[in-house]
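Okay, structure first, notes after.
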Amino acid sequence: MQIFSTPESLKVFISKQRSQHKKIGLVPTMGALHQGHLELIRNSVSDNDITICSIYVNPTQFNDQQDLLGYPRDFDQDIKKLEQNGCHVVFCPSDEEMYPQESGLTLDFGALENVMEGLHRPGHFNGVAQVVSKLFHMTQPDKAYFGAKDWQQLVIIKQLVNDLSFPLEIVGIPIVREKDGLAMSSRNQRLTPDHRIVAAELYKALSLVKEQLQQSVGFEQAIAAGIDHCQQFPKIDLEYLEIVRSSTLNTPLVTVGSEPLSICIAASIGGIRLIDNVQIFQKPN
Ligand code: AMP
């Protein structure tokens, strides 16, 4: 496995691969890798000739400096895990390499970002789109892999690729969970043992809302049941629990047949912010 820390050195490598018509898969990450990330890597390795994993904790997508400073980092373990899973290249640039000068461009995704993460973390998706665009240019992938764990991010990246005509395919990968249902996340390792147990209740709340919808309970009542569930656990500081249309992220007011819906949650537990979602195909009325 080769490790590149500058776009210039990576560029030479990419040109060579491109001249040999090699298919390139990109898996963008912020490191502290777990089985969720590795599932993306495994998919890329099986689809492409070359898999590039970027490890970069992007400052422009954090609107909370404490969150950025406390973000888990474990480069040595990451390298071992990537090697074991057949990754070919790690790209780990510095802030100076990624942002040699302050960016003047702002990317605004309108209605797609005026809800959930975009609403609660102003500027977050501008930062995500900025860094992902840079990575696409630097790595020139045929396919790029993103997790359904960050559902809103996945929808926004697809919009970005479409709007700016990036010549690549976005592949969405289902959420990898712990045995008790907790969505794997780099942030989970920062939970205390007590908080880790409570964290599994977020998935239980999502599952409860999903069950209610499957039993044709109305949206408001289904959400109220999920909120009630969270309120039984005082350690859960719920930020939002919402049902949105999976592709447009707007709120359905009436049931509309078999349109896919996403039930999304964000909450802090002991100061650690976690997000999760489940997907549902509505039953026709
Ligand atoms: P991150 O390092 O948190 O920025 O995540 C890098 C990529 O891994 C993103 O596309 C995430 O959606 C994806 N990812 C993170 N956790 C999971 C998970 N539990 N299952 C599937 N994909 C995940």
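The set of residues in segment 46-65 that are away from the ligand (no atom under 15 Å from the Cβ) and over 22 Å from HIS124 (Cα atoms) comprises SER46, ASP47, ASN48, ASP49, ILE50. Remark: LEU68 falls outside the filter, which requires a residue to be in contact with a Phe, Trp or Tyr (Cβ under 6 Å, 6 or more places away or on another chain) and away from the ligand (no atom under 15 Å from the Cβ). Based on this model, can you work out whether ASP49 counts as open to solvent by 60 Å² or more (accessible area, probe 1.4 Å) and over 30 Å from GLU113 (Cα atoms)? Judged against the criteria, ASP49 is a match.
Within segment 58-69, being open to solvent by less than 70 Å² (accessible area, probe 1.4 Å) and in contact with a helix residue (DSSP H, G or I) (Cβ under 7 Å, 6 or more places away or on another chain) holds for ASN58, PRO59, THR60, GLN61, PHE62, LEU68. Number of residues in segment 175-206 that are farther than 29 Å from LEU69 by Cα, more than 16 Å from the ligand (Cβ to nearest atom) and open to solvent by less than 40 Å² (accessible area, probe 1.4 Å) equals 1. Looking at (1) of a type in the set (Asp, Glu); (2) assigned to a helix (DSSP H, G or I); (3) surrounded by fewer than 19 Cβ atoms within 10 Å (Cβ to Cβ), can you tell me which one GLU102 breaks? All conditions are met except number (2). In segment 214-221, the condition of being surrounded by fewer than 19 Cβ atoms within 10 Å (Cβ to Cβ), more than 16 Å from the ligand (Cβ to nearest atom), among the hydroxyl-bearing types (Ser, Thr, Tyr) and at pLDDT below 95 is met by at least one residue. Residue count for segment 160-174 under the criterion of being farther than 15 Å from THR29 by Cα and within 15 Å of the ligand (Cβ to nearest atom): the result is 5. Residues of segment 107-154 that are over 16 Å from SER185 (Cβ atoms), open to solvent by 30 Å² or more (accessible area, probe 1.4 Å) and within 14 Å of the ligand (Cβ to nearest atom): LYS143 alone. Scanning segment 19-44 for residues that are away from the ligand (no atom under 16 Å from the Cβ) and either acidic (Asp, Glu) or surrounded by 13 or more Cβ atoms within 10 Å (Cβ to Cβ) (or both) gives LYS22, LYS23, ILE24. Just one of the numbered conditions (1) open to solvent by 20 Å² or more (accessible area, probe 1.4 Å); (2) acidic (Asp, Glu); (3) within 19 Å of the chain's Cα centre (by Cα) is not true of ASP78; which one? It fails just one condition, (1).
The values are calculated or read from the model by the stated rules, or taken from the named source; none is laboratory data. Small disclaimer: the values here were computed from a predicted structure and weren't measured. Cβ coordinates were reconstructed from backbone atoms using ideal geometry, including for glycine residues, and neighbour counts include every protein chain displayed. To get the accessible areas, we keep the full protein, side chains included, count just its heavy atoms, and leave off ligands, DNA and RNA. Shrake-Rupley method; radii C 1.70, N 1.55, O 1.52, S 1.80 Å.
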